[in-house]
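The values are calculated or read from the model by the stated rules, or taken from the named source; none is laboratory data. Note that the structure is a prediction, hence the values are computed from the model and not measured. Cβ sites come from the backbone with ideal geometry, for glycine too, and all protein chains shown count toward neighbours. Note: areas computed on protein heavy atoms with side chains; ligands, DNA, RNA excluded. Shrake-Rupley method; radii C 1.70, N 1.55, O 1.52, S 1.80 Å.
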Amino acid sequence: MKIRKIFIAILLLASSAIFAQTGTLEGTVIDENTGEPLIGANVVYGPGLGTVTDIDGKYSLSLDYGNYDITVSYVGFESIKRQIDINKPLVSSNFELGYTTLSEVEVFGDIAKSRETPIAFSNVTPVKIEEQLASQDIPLILNSTPGVYATQSGGGDGDARINIRGFSQRNVAVMLDGIPVNDMENGWVYWSNWFGLDAVMRGTQVQRGLGLSKLAIPSVGGTINITTKGIDNKKSIKIKQEVGSAGYLRTSLGLTSGRLKKGWGITFAGSYKQGNGWVDQTWTKGWFYFLRVDKEIGKHLLSITAMGAPQEHGQRSYKKYISTFDSAYAIEAGMTRDFIDTLGSYGLPVNVGLRYNPNWGYLSRTYITDTDTIYPAAEETSTANNYYHKPMFSLRDFWSVNDKLYISTVLYLSIGSGGGRSFSPTPALDTTTNQQNLQSKYNTNINIPDVWNDDKESGGIMRNAVNNHFWLGLLSTFDYNMNDAFSLSGGIDLRTYKGEHYREIEDLFGGNFYLDDGNQNESDTVRKYNGDKIGYFNDALVNWGGLFAQLKYQNGNLTTFINVTGSMTGYKRIDYFLPEFEDGSVNQTDWKYLPGFTVKGGINYNLNETMNVFMNLGYLSKAQRFQNVYDRQNQLFLEIKNERVSAIELGYSYFLPRMTFNVNAYYTAWKNRPTDRRTSFPDPNNPDIRYTVNINKMNALHKGIEFEFAYKITDNLVLEALLSVGDWKWTSRDSALIYNDNGELIGKKFFDAKGLYVGDAAQFQNRESLRWEIIKGLYATGVFTWFGKNYSEFNPLELDPNDNPWAFDSEGKPRQSWQIPNYFMLDFHAGYSWWIKDIGFQVRGSVLNALDDSFVTDAQNNDPYLIHSSGFDANSAGVFMGIGRRFIISLQLTF
C-alpha cells in the first residue's frame, strides 16, 4: 500500500510538470509624447513580483500560463494596468505612459499623440537618432519619415536643407522646446547653429501639413518639434568620442541629474568637433554648449536654459554643371557630348570628381623687403566660409494652478552674430588646377610685377556678408480642463526682432586700400580699409504679435479640436547707405503691418482597440516675407497680398502588438505663392524708373498619399518601411499687373506655368530598414532609401513666350523643367552595448552611401550663374551632387 501511494505521488508530480507550462511576456515601455524608452520603469504582476525595463526600455518576464494583472509605473507618469493572458510561449505587450499632469513638453512642444491627435506625424526616437544620425545634420535623419526630402546641399557641414511635402523649410516651422527658430525675415533655418542638439534630444516629432501647434506660426508643409532633456529624465553621465571620414573628430559630454533633492534638476552638454569635410575645403570646426537648470517651487517648475554653437565651416556655394563632377554620369543624365566639349573649350572644368569645390585656390602671401621679394610656400585658401554664433537663452515658468488649470510662460532671447565670407570679384579659374587663381589677384594688389599699381589699390578683396540679429520673444499659454470632455487652451505670442546686414572688408589681399561707392551719402568713391563697411548697410525690423485659442473635445473613442489664431506682422527697413532725408535723418521706411490668421480643426475616432481614422482641414492667411514687402531702395512693393493656403487631410492607422500601419492622404492648395527672388519691371514711359512688384497669382497644388509600416518579424528582427507619392504642380497661367506709385496700371507680365511640376524636392520616396538584434545589445541595421520624380527648381516668371521662346514646345505649351535622375542610397549601421557593474558601454558604427553611388540631389534649371544652353534640360542645369561613401564610429560611456 505504501509503495502504491509513492507511485501515485510520482505520477502527480510528473503530470504537473508536463501541464504547468511557462511563457514569456516581453515588450517596451516608452514616453507616449516623445517615443523615448523609459529606463527603469517598474513592470509588476503581484506584490514584490516583477522587473524593471533596461536601457532600451525593454522588459521580459517568465510566467506560468494564466491571466495576470500587469501594472507599469514610472515616476512622473500615470500608471497603466492591463490584464494579459499568457497562453503561448511568447506574448508581446508594449506600454505608452503619459504624464501625471500636463507636461511642459505638451504645452510648449504641442506634441501629437497616437490614436488621439488628428494629424499625420512621425516620431523619431532618441534610439534611432543615436543609431542612425551618424554625425550628420539633423534634417538628414528625418528622411526616415514620409514626405520628407533632406539633402546636404553643397556638402558643407551644417548646410543641410529640408522640404516637407514639397514645401521648403521657409514654410516648415521648426520648434525647439516650443520656441520658434525660423529666421524672422525669410523663414530659413540654419542648421549649423543647432549642431550638438542630438546630445540632449528628448524626442523629435515631424508633423506634416498644418500641424497641431496652437501658436500663430505660418507653417504650410509641416512642423518639426524638437524637445530637450530635463528634470524628468533619468540621472546619467555620458561621454562620447566619434571618429569619421575626412579627419572628422567629435567629443561630447552629457550630464542629466534627474530630480534632485528639494526639486532641483540640471542638464548639461558640451561638444567639440573638427574635420576636413568630404567635399574639398569644406572643413569644419565648432563648439556646442547647453545648460538647463530646473527648480520645482510649490506648483511651479522654473527652467533656465542657455545654449549655443559657435562654429565655422567651409562651403561649396554654387551649383555647377553635372559634367563638372562626372562626365560619364552627365551623359547618362541627359547632357550631350557636344555641349560638354563646348564647356571644355571655354576652359571650364570637366570630370574633376564629386569632391570638387571651386571656392578655393592656392596663395603665397608674397611680400617685398628693402632688398628682396620673399615668396612663402603657397597655402590652400578657402573663399567661401560660414561663421556664426547664435546663443539662445530662455526662462520658463510652468504653473499647475490646480487640477484643471495650467499656465506656461517662456521669455526667450536670441543674439546672433556672424556671416559668410567670399572673394570679390570672383577670381578666374587657374586652368592647371581648376581652382580660383588667387595668386594673380594678390600679386596685382601688391604690384608684382611692378607695372601700374604703385598705390597698391586692392582690385580684389576678401569680404564678409555680416548678418547679426537681436530677437526677444514672449510666449504665454494656458490649458484649462473644463470638464471630463472639454478643454480650452490659448495664449499670446509676442516677438521683436532686429537684423543688421552689411558687407565689410576682412582682407585687403596685399593691397593698401579698396575703393567703394556703396554709401550714397559719401560724395565720391572713398578709400576703405580692413573692417570698413562697403556695398550695403541696412537694418530689418520685425514686430510680431499673435493670439491663439483652441477648444478640444475628448470623450471615449472620439477626439476633436478647433484652433483659431490671429497675428499681426510689422516690417520696417532702415538703410544707412541710401541718401539721407532732407532733414539729415537716416533713410528709413514707415512701419508696414500685415494681418494674418489661421483656422484649422480635426477629428479622430478610434474604431476599436487596433484601428483609428482621422481628418483635419484648415485655412491659413500668411503675411508675405520681409523681402516681398520692402525692396533694397526702401520702396514698398506695389501689391502686397497675403499668401493663402487651404488644406485637407485624411488618415487611417492600424495597431497590433507586432505591427503598425499608417496611411494618410493630403490636398493642399497654395495661392499667392511668392518667388524667392525680387522682381522688377521698367516703367514703359520712362525706362530709367523700375518698379518692384509681387506676383500675386502664382498658385500651386500639392496632393499625395503617404504610407508607414512596421512589422516585428521575429523577436529580434524588425522591418520598417515607408512610401510617399506626391503630385505637386503649378496651376497658374496669368498676367501680373504692374502699377505705379499712384496706383495706375502701367503694364502686364505674362507667365505660364500651368501643369508644370513643382521642383526642388522628390515627389516619390521609398525607404526600407531592417534591424536585427543578433543578441541582447548587439544590432545591425540596413537602410535603403529611394528618391524619384524630382524636378529641378525654376522660376515660373521665366515662362513668358515673348521673353523665353525656348521654354515652350512647338504647340506653345510650357516645357517641364529637367527631371533629376532617380537615385537610391544604401546605409549600414551596427553597434553593441553592454554594462560592467554601473558603467555602460556603447560601440556604434555607420557606413553612409555604402555603394559609393553618384547622383544629383539639388538642381536649378537655367542656373543664372552658369552659361547655359537654351533649354529646360540637363545641359542647362546647375547641380549639387550627393556625397560619396563615408563612415563614422563612436564609443560612449554611460555612468
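Being surrounded by fewer than 19 Cβ atoms within 10 Å (Cβ to Cβ), touching a residue at least 24 places away in the same chain (Cβ under 8 Å) and of a type in the set (S, T, N, Q) is the filter; apply it to the stretch 38-63 and report the residue that is nearest to Asn716 (Cα to Cα). Among those that are surrounded by fewer than 19 Cβ atoms within 10 Å (Cβ to Cβ), touching a residue at least 24 places away in the same chain (Cβ under 8 Å) and of a type in the set (S, T, N, Q), it is Ser60. For the criterion of being open to solvent by 20 Å² or more (accessible area, probe 1.4 Å) and either in a strand (DSSP E or B) or free of Cβ contacts under 8 Å to residues at least 60 places away in the same chain (or both), Thr668 fails. A count restricted to the stretch 550-585 and to residues that are in a strand (DSSP E or B) and either more than 30 Å from Gly460 (Cβ to Cβ) or touching a Leu at 6+ places or on another chain (Cβ under 8 Å) (or both) stands at 23.
Answer yes or no: is there a residue in the stretch 647-661 that is under 28 Å from Gln588 (Cα atoms), open to solvent by less than 20 Å² (accessible area, probe 1.4 Å) and either of a type in the set (D, E, K, R) or within 23 Å of the chain's Cα centre (by Cα) (or both). No: the stretch 647-661 contains no residue that is under 28 Å from Gln588 (Cα atoms), open to solvent by less than 20 Å² (accessible area, probe 1.4 Å) and either of a type in the set (D, E, K, R) or within 23 Å of the chain's Cα centre (by Cα) (or both). Can you confirm whether Glu639 is modelled with pLDDT under 95, charged (D, E, K, R) and touching a strand residue (DSSP E or B) at 6+ places or on another chain (Cβ under 8 Å)? Spelling it out, Glu639 is indeed modelled with pLDDT under 95, charged (D, E, K, R) and touching a strand residue (DSSP E or B) at 6+ places or on another chain (Cβ under 8 Å). Ser810 satisfies every condition listed in (1) within 28 Å of Leu140 (Cα to Cα); (2) polar (S, T, N, Q); (3) without any contact (Cβ under 8 Å) to a residue 12 or more places away in the chain except (1). I'd like to check something: does the stretch 506-514 contain any residue that is aromatic (Phe, Trp, Tyr), open to solvent by less than 20 Å² (accessible area, probe 1.4 Å), closer than 16 Å to Ile461 by Cα and touching a residue at least 60 places away in the same chain (Cβ under 8 Å)? Yes, the stretch 506-514 contains a residue that is aromatic (Phe, Trp, Tyr), open to solvent by less than 20 Å² (accessible area, probe 1.4 Å), closer than 16 Å to Ile461 by Cα and touching a residue at least 60 places away in the same chain (Cβ under 8 Å). Of all residues in the stretch 560-574, those being closer than 21 Å to Asp479 by Cβ and buried (at least 22 other Cβ atoms within 10 Å of the Cβ) number 4. Take Arg503 and tell me if it is open to solvent by 60 Å² or more (accessible area, probe 1.4 Å) and touching a residue at least 24 places away in the same chain (Cβ under 8 Å). Answer is yes for this residue. If you filter the stretch 702-731 down to residues that are farther than 30 Å from Ser792 by Cβ and without any contact (Cβ under 8 Å) to a residue 40 or more places away in the chain, you find that the one that is surrounded by the fewest Cβ atoms within 10 Å (Cβ to Cβ) is Thr714.
The residue that is most open to solvent (accessible area, probe 1.4 Å), among those in the stretch 867-895 that are aliphatic (A, V, I, L, M) and over 30 Å from Leu255 (Cβ atoms), is Ile867. Looking at the stretch 1-37 only, could you name the residues that are open to solvent by less than 70 Å² (accessible area, probe 1.4 Å) and modelled with pLDDT of 80 or more? Hits for the stretch 1-37 are Gly23, Thr24, Leu25, Glu26, Gly27, Thr28, Val29, Ile30.
Residues that are assigned to a strand (DSSP E or B) and surrounded by fewer than 17 Cβ atoms within 10 Å (Cβ to Cβ) within the stretch 765-797 comprise Glu768, Leu770, Trp772, Ile774, Ile775, Leu778, Ala780, Gly782, Phe784, Trp786, Gly788, listed in sequence order. Filtering the stretch 349-377 to residues that are in a loop (DSSP other than H, G, I, E, B), open to solvent by 60 Å² or more (accessible area, probe 1.4 Å) and of a type in the set (A, V, I, L, M, F, W, C) leaves only Ala377. The set of residues in the stretch 166-191 being over 11 Å from the mean Cα position of the chain (by Cα) and among the β-branched types (Val, Ile, Thr) consists of Ile179 alone. When Pro864, Pro814 are screened for being open to solvent by 20 Å² or more (accessible area, probe 1.4 Å), touching an Asp or Glu at 6+ places or on another chain (Cβ under 7 Å) and not aromatic (Phe, Trp, Tyr), only Pro814 passes. Among the conditions (1) at pLDDT 90 or above; (2) β-branched (Val, Ile, Thr); (3) within 24 Å of Leu797 (Cα to Cα), the only one that Ile839 does not satisfy is (3). Restricting Lys113, Lys128 to those that are open to solvent by 10 Å² or more (accessible area, probe 1.4 Å), of a type outside the set (A, V, I, L, M, F, W, C) and without any contact (Cβ under 8 Å) to a residue 40 or more places away in the chain reduces the list to Lys128.
Name every residue in the stretch 535-549 that is surrounded by 19 or more Cβ atoms within 10 Å (Cβ to Cβ), touching a Leu at 6+ places or on another chain (Cβ under 9 Å) and either outside any strand (DSSP E or B) or not small (Gly, Ala, Ser) (or both), in order of residue number. Residues satisfying the conditions are Asn538, Trp544, Phe548. Considering the stretch 143-165, the residues that are of a type in the set (Val, Ile, Thr) and either under 20 Å from Asn386 (Cα atoms) or open to solvent by 10 Å² or more (accessible area, probe 1.4 Å) (or both) include one that is farthest from the chain's Cα centre (by Cα), namely Thr151.
Only residues that are of a type in the set (Asp, Glu) and within 26 Å of the chain's Cα centre (by Cα) were counted in the stretch 796-835, giving 1. The single condition among (1) under 23 Å from the mean Cα position of the chain (by Cα); (2) open to solvent by less than 30 Å² (accessible area, probe 1.4 Å); (3) within 18 Å of Leu411 (Cβ to Cβ) that Gly491 does not satisfy is (1). A single member of Asp590, Asp532, Asp583 is of a type in the set (D, E, K, R), within 19 Å of Gln624 (Cβ to Cβ) and surrounded by fewer than 19 Cβ atoms within 10 Å (Cβ to Cβ), and it is Asp590. Within the option set Lys404, Lys390, being of a type in the set (Lys, Arg) and open to solvent by 50 Å² or more (accessible area, probe 1.4 Å) holds for one residue only, Lys404. In the stretch 609-637, the qualifying residues are those that are closer than 30 Å to Leu650 by Cβ and charged (D, E, K, R), and the one that is most open to solvent (accessible area, probe 1.4 Å) is Glu609. Kindly evaluate Gly871 against the criterion of being farther than 23 Å from Ala160 by Cα and at pLDDT below 90. Spelling it out, Gly871 is indeed farther than 23 Å from Ala160 by Cα and at pLDDT below 90. Under the condition of being surrounded by fewer than 16 Cβ atoms within 10 Å (Cβ to Cβ), over 39 Å from the mean Cα position of the chain (by Cα) and closer than 17 Å to Val72 by Cα, the residues counted in the stretch 83-96 number 2.
Tell me yes or no: at least one residue of the stretch 428-439 is open to solvent by 40 Å² or more (accessible area, probe 1.4 Å), hydrophobic (A, V, I, L, M, F, W, C) and not in a loop (DSSP other than H, G, I, E, B). Yes: the stretch 428-439 contains one or more residues that are open to solvent by 40 Å² or more (accessible area, probe 1.4 Å), hydrophobic (A, V, I, L, M, F, W, C) and not in a loop (DSSP other than H, G, I, E, B).
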